Amino acid sequence: MPPKRQAAAAAAGGNGPSKRAKSSSTKKTATGSDDDADIPTSARWAAVSVSKNAASSYHTVTKDKSKAYTYQCSCPERFGNKKQRGSDDEDDEDEDDDDDEDEEVDPNGCGTKVCVCKDAPDKHPGHPWLVTDAGKQKFYGQVTMAALRDPDNFGMYTFNDHMAYGVVEVLQNLMIDFNEAEEVEHGTWEQWVVCEAMVLFLNLSQGRDFILVEDGELARTTLCLIGRMFLTMLARLEREDKLSPTSEVRNIAPVMAAYIGVAHEMRSDKYDVLEDRGDKTKKGGAKGFSYNEARFDDHVAAYAKKHGIKLGGGDDDGRLGRLGALAGKCDAGAGLPAPGADPWSWKAAWREYVKEYDGLPLPGRGGCVRVGGDRLDITTWSSKERKAASFGGKDPLGPKELKMIKEGMVLMMR
């Protein structure tokens with residue numbers, strides 16, 4: 001495991017310890033109003049919680065499903081298609097050794113004058129990097145939730161692993177979202193949105209802070225479970241005849257390639273979190289089928305091969321080509337379970353994960369770890385708790401911020 005770092009404020013987009021959290025209203029949830037009567041609530045959230053507000057805000061801004069599942073262009077950087085460095089491959093031997101950056105800088109990329117984010121796909125025919133409007137909104141929500149779990153953003157010190165455990169909590173909440181979406185109207189699309197947001201978040205340095213938890217097995221098991229979730233998604237698309245190069249799910253190829261990229265990088269010497277132990281696992285579900293959880297990318301590639309989905313090439317700057325090259329290193333001949341309701345034993349694996357990690361002692365704060373929820377969201381803490389951990393001895397949230405949070409506003413870190 002890489003060494004721990006003291007702060008992740010820069011990655012989270014927040015300020016250092018001397019700055020105070022500021023509020024910005026993005027969407028009022030107005031709980032109890034007629035317009036929001038169909039917004040789902042979840043018992044995982046505290047009564048006063050910006051995480052809860054952010055989750056409600058997602059459902060508010062994506063209420064118009066005719067817009068929520070439409071596609072828009074994205075810059076490739078959002079999918080993390082940077083040069084893979086520090087990996088166990090030899091592909092980068094010819095690169096400039098003096099370049100100590102972890103990623104390529106694209107002068108024509110995201111945030112520049114030629115940025116294509118938000119453009120309609122018809123404006124850039126053949127552009128492979130697409131994301132649903134709902135997927136983008138869900139992704140933004142995770143960025144917000146992670147920042148709320150970083151004590152540095154509030155000028156506080158709690159315990160060394162707070163941010164890392166907080167990101168694990170964010171990842172767990174996405175998997176709970178995946179579970180809750182299974183049977184709802186438009187369930188396939190809502191589960192796909194979770195998969196989009198998950199891989200986009202994992203391609204942020206902020207989203208990768210989960211690997212800093214002292215419990216390395218928790219990090220590995222969580223990532224393996226994320227891989228199983230995505231394979232479960234692909235199985236559902238296959239079952240519904242939506243897993244094909246011409247699918248209405250228009251970004252299947254780049255999202256599949258991005259998951260392969262995450263698995264490859266997490267196994268590399270740079271991260272060394274997805275250790276391949278060569279063992280296979282079977283936890284109910286498909287009869288007689290077992291697989292190596294740490295090699296879930298092999299099975300993603302196998303689905304692509306089975307259904308004729310090309311995972312590499314097509315973009316001018318070669319980013320998709322690089323991910324395609326990683327896909328080419330996968331064992332596309334890896335077995336796939338017979339189609340069925342739960343061929344990857346997702347439900348059994350999720351139950352086992354919850355049984356394993358729910359209720360463990362929480363380091364530094366007392367109490368117990370919960371799978372998902374908002375226990376590590378600092379806005380759910382009491383004023384007394386925040387004062388005790390504050391560098392200045394004052395609650396970093398003032399009366400104005402607390403009032404806005406109670407009214408359903410989303411606190412943004414800036």
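Just so you know, all these numbers are worked out from the coordinates, no wet-lab data involved. Keep in mind the model is a prediction, meaning the values are calculated, not measured. As a convention, Cβ positions derive from the backbone with ideal geometry for all residues, glycine included, and neighbour counts pool all protein chains shown.
Give, to the nearest whole percent, the P(r) tail of the range 176-240 beyond 15 angstrom, counting all Cα pairs. Before the final figure, lay out each step's value.
Numbers: 1176 of 2080 pairs.
For the range 176-240, the share of Cα pairs beyond 15 Å comes to 57 percent.
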Segments 229-242, 339-352 sorted - mean Cβ within 10 Å per residue, highest first: 229-242, 339-352
Residue-count net charge about LEU171 - beta-carbon cut-off 12 Å; Lys, Arg +1, Asp, Glu -1: -1
Inter-part distance where the range 112-146 and the range 332-351 are each reduced to a Cα centre, Å: 30 Å
Peptides ranked, highest mean first, by Cβ atoms within 10 Å: ranges 45-53, 138-146: 138-146, 45-53
For THR281, distant residues with modelled amide H under 5 Å away: TYR291, ASN292, GLU293
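To one decimal place, what Kirkwood hydrodynamic radius in Å is obtained for the range 234-280 from all pairs of distinct Cα atoms? Before the final figure, lay out the partial values.
Numbers: mean 1/r = 0.0799 Å⁻¹.
One over the average 1/r among Cα pairs gives 12.5 Å for the range 234-280.
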